[in-house]
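Here's a structure for you.
The values are calculated or read from the model by the stated rules, or taken from the named source; none is laboratory data. Keep in mind that what you see is a predicted model, and the values were worked out from it rather than measured. Methodologically, a virtual Cβ is constructed for each residue, glycine included, from the backbone with ideal geometry; neighbour enumeration extends over all protein chains shown.
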Amino acid sequence: MTANLVEDDASPILPAHIEETVKAIGRVQAQHESEATTLERVMEQLTAAIGRPAFLVWLALAVAAWALGNAFGPRFGYAPIDPPPFSWLQGAISLAALSVTVIILTSQRRADKLAGLRAQLTLELAILGEQKTAKVIELIEQTRRDNPLLNDRVDLEANAMSKPADPEAVLDAIAAAPEAAVEPKP
């Protein structure tokens, strides 16, 4: 039972190629973060703050305080700064909405850049994996043909799968797919 506890507590050992992939993804993330300008970091912090529920509560309280202060201020002897219909408040909210939109778009643009890098890495790994799989199938088929103990037969599917896909041909097929789906069938 003690051996099982030791095995359960031990961290899993990853194969070298998986560790390298994880490190590569970490390097992409670290490089992306290190290339961020101070202004981009500020925008991301603002986006994070704006995206919290507390911001909505704070905003609602600020608008309510402004409206109540200006509506009921005269009852307590204060002149309203922005009497109803609160045109200054409307202008401030419009400016805040525009600012929030720009902040979010700025952060999103940077996040999209990182997502593009990850997608490119994923695509490259998928293509490499497909090429490796094709090579393994080719070697298995070659072993089957060369082994006198196995019946030699033609396997068209294995022959087709042993050839790596041409990425350009795949891209062309993907580009043509929407057109094929739209064309009416005769």
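Would you check which residues across the range 9-48 are more than 17 Å from ARG110 (Cα to Cα), small (Gly, Ala, Ser) and surrounded by 12 or more Cβ atoms within 10 Å (Cβ to Cβ) and list them?
Answer for the range 9-48, where residues must be more than 17 Å from ARG110 (Cα to Cα), small (Gly, Ala, Ser) and surrounded by 12 or more Cβ atoms within 10 Å (Cβ to Cβ): just ALA24.
Restricting attention to the range 80-91, which residues are surrounded by fewer than 12 Cβ atoms within 10 Å (Cβ to Cβ) and in contact with a helix residue (DSSP H, G or I) (Cβ under 7 Å, 6 or more places away or on another chain)?
Result: PRO84, single match.
Right, next: For residues that are under 15 Å from ALA158 (Cα atoms) and among the hydrophobic types (A, V, I, L, M, F, W, C), scanning just the range 91-147, find the one that is nearest to the chain's Cα centre (by Cα).
ALA134
I'd like the full set of residues that are of a type in the set (D, E, K, R), under 17 Å from ILE25 (Cβ atoms) and surrounded by 13 or more Cβ atoms within 10 Å (Cβ to Cβ), limited to the range 112-161.
Answer for the range 112-161, where residues must be of a type in the set (D, E, K, R), under 17 Å from ILE25 (Cβ atoms) and surrounded by 13 or more Cβ atoms within 10 Å (Cβ to Cβ): just ARG118.
Of the residues SER94, SER99, which is at negative phi, exposed (fewer than 11 other Cβ atoms within 10 Å of the Cβ), at pLDDT 90 or above and not aliphatic (A, V, I, L, M)?
SER94
Here is a list: ARG75, ARG109. Which entry is loosely packed, with under 10 Cβ neighbours inside 10 Å and either in a helix (DSSP H, G or I) or in contact with a Gly (Cβ under 6 Å, 6 or more places away or on another chain) (or both)?
Unique residue meeting the criteria: ARG75.
Right, here's the next one. List, please: which pairs have Cβ atoms under 8 Å, are six or more places apart or on different chains, and start with a residue in the range 19-47 that is within 18 Å of LEU117 (Cβ to Cβ) and of a type outside the set (A, V, I, L, M, F, W, C) and end with one that is at pLDDT 85 or above and loosely packed, with under 13 Cβ neighbours inside 10 Å?
Going by the 8 Å Cβ cut-off, the qualifying pairs are HIS32/LYS113.
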